[in-house]
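J.: One structure follows; several queries about it will come next.
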Amino acid sequence: MKKYVFLAGLAITFIACNKSDDDVPAPTQTSSFSASIKEVFTDPHKDLKNLLVNDYIPYEITIEDSNSDTEGVSYSLISKKDENKHQILNRDFELYTDNEKGEKQKVTTDYISFSPKGKHKFYIKPIVPGTFQHTYTLQRQVNGKPEGGYQYYDINFNAVRITAWTHAELYKWIWHYLHQSSKHYRIYHFKIEDGTNVNDIYLSPKSTGNNKVIQTFFVLYNGSIHNGGELKVDEEKDFLPEEHTYDFNPPLLSPIISEFHIIQERPNQDPYEIVYYNINIEER
């Protein structure tokens, strides 16, 4: 069973010292630069609570440097590798920057180079569901060679995968006197995944003792609200009742779930609600 300390949002911190792989503190090193990193969502339907697999999570890094020399200077944001925290590049996530045309461009190395100092934008794209606990190193370089100390930044977020699909077919012929007709049905299924690592339980809250967590869902589809009841990850469930018609398959009224609401209720706490928007429905 997965065990996990709940991470509701994203935290970005920075440590201006060296840090070894086993997290033993190293002596502080002097550096002329500093930076801050923040998320910069522009989509009103997207925030840190409702990230999905294959979303491009936008970040802005602001680099300041008291050293006035700029010739040959660049700053490398280097991704640490950690299997347990979903930080294996191109297996758990991808990195992107904007090119001169404003188009997203995939980063093919394990670092992003920024030049000159100032504000720059980059993206993290989760390609698997899970709880991402990333550590990045920022390093000043002159003509491609490291100079000065390192700085460390933590970026944490959760991403889930929602798969919704529908299927319609003829399932019964009905014979009448000198006449026959057919019965058809359409089903509406979905499945939610929040990851397979022990720390991946964003949508798998654990109930302990009197702290019972109730997780339910409802959807807004084709202008109507449909209550779905209890929700568990990795289980196939219906998001709409099965439909039946005669002589033709029930039509798919919309290929999109407009809103998918998940509510977590804990004793003596306000409900925690997550809303995912515009979930595509596959025709199978």
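The values are calculated or read from the model by the stated rules, or taken from the named source; none is laboratory data. This structure is a prediction, so every number in the text was calculated from the model and none was measured. All Cβ positions, even for glycine, are placed from backbone atoms using ideal geometry, and neighbour counts span all protein chains on display.
J.: Answer yes if at least one residue in region 148-157 is more than 14 Å from ILE61 (Cα to Cα), at pLDDT 95 or above and in a strand (DSSP E or B), and no otherwise. Steps first, please.
T.: Looking only at region 148-157, we keep the residues that are more than 14 Å from ILE61 (Cα to Cα), and these are 148-150, 156-157.
Narrowing further to those that are at pLDDT 95 or above: 156-157.
Keeping just the survivors that are in a strand (DSSP E or B) gives 156-157.
Yes, region 148-157 has at least one match.
J.: Within the set of pairs 6+ apart or on separate chains, which have a first residue in region 231-245 that is over 16 Å from TRP165 (Cβ atoms), a second that is not in a strand (DSSP E or B), and C-beta atoms under 8 Å apart?
T.: LEU231/LEU203; LYS232/SER204; VAL233/ASP194; VAL233/LEU203; VAL233/SER204; HIS244/PRO250
J.: While we're on this one: Modelled with pLDDT of 50 or more, surrounded by fewer than 13 Cβ atoms within 10 Å (Cβ to Cβ), of a type outside the set (A, V, I, L, M, F, W, C) and closer than 19 Å to LEU138 by Cα: which single residue out of THR70, THR13 fits that description? Let's see the steps before the verdict.
T.: Working: THR13 fails: modelled with pLDDT of 50 or more.
Among THR70, THR13, only THR70 is modelled with pLDDT of 50 or more, surrounded by fewer than 13 Cβ atoms within 10 Å (Cβ to Cβ), of a type outside the set (A, V, I, L, M, F, W, C) and closer than 19 Å to LEU138 by Cα.
J.: I've got another one for you. So which residues in region 89-109 are assigned to a loop (DSSP other than H, G, I, E, B) and surrounded by 14 or more Cβ atoms within 10 Å (Cβ to Cβ)?
T.: ASP92, VAL107
J.: Just for strands (runs of 3 or more DSSP E) wholly inside region 200-284: which have at least 3 residues that are touching a Phe, Trp or Tyr at 6+ places or on another chain (Cβ under 7 Å) and over 20 Å from VAL53 (Cα atoms)?
T.: Fully inside region 200-284 and qualifying: 224-230, 237-246.
J.: Does at least one position in region 127-141 carry a residue that is part of a strand (DSSP E or B) and surrounded by fewer than 16 Cβ atoms within 10 Å (Cβ to Cβ)?
T.: no
J.: Given the criteria among the aromatic types (Phe, Trp, Tyr), surrounded by fewer than 17 Cβ atoms within 10 Å (Cβ to Cβ) and at pLDDT below 95, does TYR246 qualify?
T.: yes
J.: Mind listing whichever residues of region 135-178 are under 30 Å from ILE257 (Cβ atoms) and of a type in the set (Phe, Trp, Tyr)?
T.: Answer for region 135-178, where residues must be under 30 Å from ILE257 (Cβ atoms) and of a type in the set (Phe, Trp, Tyr): PHE157, TRP165, TYR171.
J.: Mind checking which pairs have a first residue in region 39-57 that is under 17 Å from LEU89 (Cβ atoms) and a second that is assigned to a loop (DSSP other than H, G, I, E, B) and among the aromatic types (Phe, Trp, Tyr), Cβ under 9 Å, 6 or more apart or different chains?
T.: Pairs found: ILE57/PHE41.
J.: Which condition breaks for THR196 when tested against (1) surrounded by 12 or more Cβ atoms within 10 Å (Cβ to Cβ); (2) touching a residue at least 24 places away in the same chain (Cβ under 8 Å)?
T.: Evaluating THR196 over (1) surrounded by 12 or more Cβ atoms within 10 Å (Cβ to Cβ); (2) touching a residue at least 24 places away in the same chain (Cβ under 8 Å) leaves (1) as the failure.
J.: Quick one: which residue in TYR153, TYR202 is aromatic (Phe, Trp, Tyr), closer than 30 Å to ASP65 by Cα and under 27 Å from the mean Cα position of the chain (by Cα)?
T.: Answer to the selection: TYR153.
J.: Considering only region 204-212, I want to know if a residue exists there that is surrounded by 11 or more Cβ atoms within 10 Å (Cβ to Cβ), farther than 30 Å from LYS183 by Cα and of a type in the set (Val, Ile, Thr).
T.: Keep residues of region 204-212 that are surrounded by 11 or more Cβ atoms within 10 Å (Cβ to Cβ), which gives 204-207, 211-212.
Filter again for farther than 30 Å from LYS183 by Cα, leaving 204-207, 211-212.
With of a type in the set (Val, Ile, Thr) added as a condition, the list becomes none.
No, region 204-212 contains no residue that is surrounded by 11 or more Cβ atoms within 10 Å (Cβ to Cβ), farther than 30 Å from LYS183 by Cα and of a type in the set (Val, Ile, Thr).
J.: LYS49 - would you say it is modelled with pLDDT of 95 or more, closer than 14 Å to ALA159 by Cα and not in a strand (DSSP E or B)?
T.: yes
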